[in-house]
Amino acid sequence: MNKIYSKLLLLLIFISAGITGINAQDAAIRGFVYEEASGEPAMFANVYLQGTNYGASSDDNGYFLISRIAPGSYTLIVTYLGYDTISMPLQLKAGQMIDKRFNLKESAVKLETITVSAERIAARTETKTSVVKITPKDIKQIPSVGGQADFAQYLQVVPGVVFTGDQGGQFYVRGGSPIQNKVMLDGMVIYNPFHSIGLFSVFETDLIRTADVYTGGFNAEFGGRISSVMDITYKDGNKKRFSGAVGVSTFGARAVLEGPIVKQKAPDKGSASFILSVKNSYLAESSEIFYKYIDEDGLPFNFFDIYGKVSINAGNGSKISFFGFNFNDNVNNYKSIADFGWNSFGGGTNFVIIPGKSAVLIEGLIAYSQYNGKISSETLSPRDSEIGGFMANLHFTYFLGKNQLTYGIEMEGYRTEYRFENFAGTTIDQTENTTQLGIFAKYKATFGRFIFEPGLRFQWYASLADISLEPRLALKYNVTNSFRLKFAGGMYSQNFIAATSDRDVVNLFYGFLSGPENLPKSFDGEDLTHKLQKSNHLILGAEFDIGKFINLNVESYYKNFPQLTNINRFKIYNEEEAPPGASDVETKDFIIEKGDAYGFDIALKYDYKNLYLWFVYSLGFVNRQYETASGEMVSYTPHFDRRHNINAILAYTAGAKNQWEFSARWNFGTGFPFTQVQGFYEYLTLPGGINSDYITENGQLGVIYAELFGGRLPTYHRLDVDVKYNIYFSDRTKMIIDFSVINVYDRKNVFYVELLTGDVVYQLPVMPSLGLTLNF
């Protein structure tokens with residue numbers, strides 16, 4: 001197998017070397033654009049040759065390349081919203097590759113004239129279908145909890161995302177379950193990115209450079225998941241000076257530090273920098289003081305996260321980073337149901353290489369991570385899950401004028417362990433070692449107003465001996481400068497399944513299974529031809545720039561899930577002990593399901609000066625089907641099927657120095673499905689078989705259920721508000737006092753109903769919090 005990987009890697013390198021020799025009679029300009037104050041990349045800066053059609057935008061690394069330029073004299077212009085424009089004369093010769101580094105200074109004067117924003121440049125030059133680009137500024141626009149703005153809080157207002165609860169809830173994206181969402185940090189997979197109290201993630205907001213959320217239709221560079229991708233990139237750290245933040249609140253505390261190890265003295269000089277973040281929640285202890293009225297036993301949610309990275313930057317823009325993390329989550333005696341905890345740790349290195357005079361950008365990653373989760377309870381059987389393994393990739397991006405070719409290879413090897421005992425006392429125990437290999441290529445071509453981006457991914461799953469060939473396609477047509485049509489679609493596969501059922505309403509436990517082979521031989525009257533979960537996406541949308549400050553995005557989507565794998569809650573026999581004639585549904589560890597999800601999302605944004613407005617409406621339908629022991633197909637709507645979902649955000653700054661910040665968020669959602677109870681009976685286990693005495697045996701409480709998820713909870717709505725006051729000590733130092741209130745009008749939103757007792761468990765009531773943060 002190592003020989004196969006080596007040959008594939010050499011093939012990619014030879015292809016890269018062969019392409020670089022094309023068009024040697026043309027000239028090219030490449031380089032990086034940075035923010036002078038921090039040395040961080042200036043993303044989507046506009047770099048162009050004045051009076052020509054030659055131009056490019058800088059990427060997430062600040063890198064740009066303008067190729068296939070006719071020799072001659074030009075004036076190079078660099079523009080970036082809020083920064084001074086750079087102008088530079090150039091003389092280009094045939095076959096010449098010029099390298100440039102630019103440091104942008106913040107504009108001293110705020111001009112009333114409007115420069116086209118980086119967001120609008122990206123909208124016109126990228127396909128950008130079903131992707132939301134999130135920055136720290138965006139995250140801080142919404143009301144924060146305990147003074148800690150968090151990615152998990154902003155994710156709840158992303159079009160197509162459904163969040164099922166504040167305590168033990170999960171994120172579902174356009175009909176896809178959490179296990180079908182791929183979350184990456186600097187290219188490395190993070191297996192569980194959200195803490196048990198759903199208000200916080202493992203990510204530190206102040207360190208995020210970009211966070212791209214693909215709710216569907218993602219291209220060939222992403223694989224191994226069938227619903228969505230969340231791609232988070234951290235900063236490298238301030239290359240000029242030490243900076244950071246220290247905060248404390250009624251929820252928890254955090255500290256962030258970044259700075260130079262070796263200062264960057266000029267744009268074309270090398271440097272080294274670091275970032276370090278630590279944050280924790282002491283809500284289990286503080287709730288005994290501040291939130292006793294919510295629960296007499298307190299809110300048992302604690303977590304502790306630490307992350308560090310060191311980046312070494314060469315003068316030509318190449319860099320290598322080394323990183324490590326340890327994330328922990330603990331829940332003690334949740335609603336008198338369970339003790340739960342998980343730990344995730346890992347580390348690795350990623351790099352960017354700018355080779356010689358080539359028009360190729362090379363990026364790579366080598367990393368290892370591990371996740372362990374356990375749950376124990378008096379009423380539920382214990383479960384534990386573990387996943388650990390390595391990941392490595394190598395990506396090549398070649399710039400062909402306005403066009404771009406990206407290709408690469410990815411490898412993952414991991415081990416999963418899972419132990420669980422179902423209601424019949426049957427133990428499910430699975431341990432798997434597996435490897436997957438992905439090879440992909442995509443090409444972005446621009447023809448006037450038309451952007452065409454086909455892609456193809458080859459995915460090999462070693463443990464299942466399955467190969468998946470997955471075509472992808474994205475299109476955009478710039479009808480006018482302010483109106484665009486777009487399309488995306490593709491085929492997707494994965495072999496991960498969740499160590500919980502999609503039918504569980506409350507999923508504190510988050511575990512992984514890979515490569516299940518104990519599946520039924522047939523489904524819906526047809527033999528199974530593979531053991532993968534698969535989906536097909538179709539997305540059609542339109543973008544409108546209404547005036548200078550309003551953006552409207554409308555997208556319709558359809559996701560088809562022809563094969564899904566779920567834990568078999570109907571299993572009553574071990575295969576070796578099953579009576580003759582027992583069906584696969586009664587003996588297999590897993591069952592097959594199928595389904596679809598469809599709907600549309602509308603997002604409207606206004607952002608100008610002191611006022612920010614964000615409105616999202618989503619209409620969604622999710623359907624699933626499974627097969628009974630008798631072969632009958634049964635349809636149901638899963639518990640995360642929310643028909644209507646509305647989010648409205650308002651943020652406003654005031655004061656001579658914009659020291660006052662006000663924000664509010666209102667969320668409305670129709671009720672989730674749930675399974676109602678029709679009655680109860682005495683369930684006799686008959687432990688002695690035919691020798692059991694059913695007259696004297698003490699039975700257990702049996703439940704007679706109504707139609708699966710046939711009922712609906714009441715509608716959900718909640719208003720959150722936040723007020724911040726900034727005290728400026730200097731240009732670089734300030735104190736932020738943050739007061740926020742969750743659920744201002746104390747709406748009693750139902751989380752779930754205890755089926756046996758009839759007790760209603762509510763989501764968080766009115767909940768004020770106070771936080772202090774020192775930025776320096």
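The values are calculated or read from the model by the stated rules, or taken from the named source; none is laboratory data. A quick note: this is a predicted structure, and the numbers were derived from the prediction, not measured. Don't worry about glycine lacking a Cβ; one is built from the backbone with ideal geometry, like all the others, and counts go over all protein chains shown. Areas reflect the complete protein model, heavy atoms only, side chains present, ligands, DNA and RNA absent. Shrake-Rupley method; radii C 1.70, N 1.55, O 1.52, S 1.80 Å.
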Considering only DSSP states other than H, G, I, E and B, which trypsin sites (Lys or Arg not before Pro) in the range 205-281 qualify as loop sites with at most 12 other Cβ atoms within 10 Å? Lys265
Output ordering of 148-156, 52-60 (per-residue mean of other Cβ within 10 Å, highest first) is 148-156, 52-60
Under the Karplus relation with 6.51, -1.76 and 1.60 and θ = phi - 60°, whole-Hz ³J(HN,Hα) for the range 83-88, x at Gly and Pro, equal 10, 5, 7, 10, 10, 8
Average Cα contact separation per residue, the chain, under 8 Å, 6 or more apart, as relative contact order %: 10
The long-range amide H neighbours of Ile142, using H built 1.01 Å from N in the peptide plane and a cut-off of under 5 Å, are none
What accessible area per residue, rounded to a whole number of Å², is obtained for the range 532-620 using a probe radius of 1.4 Å? 42
Which value at 222 nm does the chain reach when only helices count, each DSSP H run of 4 or more adding -39,500 (n - 2.57), with the total divided by all residues and rounded to the nearest 500 deg cm²/dmol? -1500 deg cm²/dmol
Measure of size requested: the Rg and Dmax of the range 217-281, with Cα atoms as the atom set and Å as the unit; please supply both. 17.4, 46
Phi-based couplings in Hz for the range 460-471 (Karplus 6.51, -1.76, 1.60; Gly and Pro marked x): 10, 10, 5, 5, 9, 6, 10, 10, 10, 9, 10, x
Which GluC sites (Glu not before Pro) from the range 361-412 combine a DSSP loop assignment with at most 12 other Cβ atoms within 10 Å? Glu378
Under 27 Å between alpha carbons - lysine pairs in the range 569-677 that sit 8 or more apart or on different chains: 4
Cross-link reach from Lys486 to aspartates and glutamates, straight Cα distance under 15 Å and at least 8 residues apart if same chain, gives Glu126, Glu453, Glu543, Asp545, Glu555, Asp601
Cα-based reach from Lys235 at 18 Å (exclusive), listing lysines while leaving out same-chain residues under 8 positions away: Lys133, Lys137, Lys140, Lys263, Lys279, Lys309, Lys319
In nm², the average projected area of the convex hull spanned by the Cα atoms of the chain is 33.9
Rounded percent of accessible protein surface that carbon and sulfur make up, the chain, 1.4 Å probe: 58
Per residue, how much accessible area does the range 209-326 have with a 1.4 Å probe, in Å²? 34
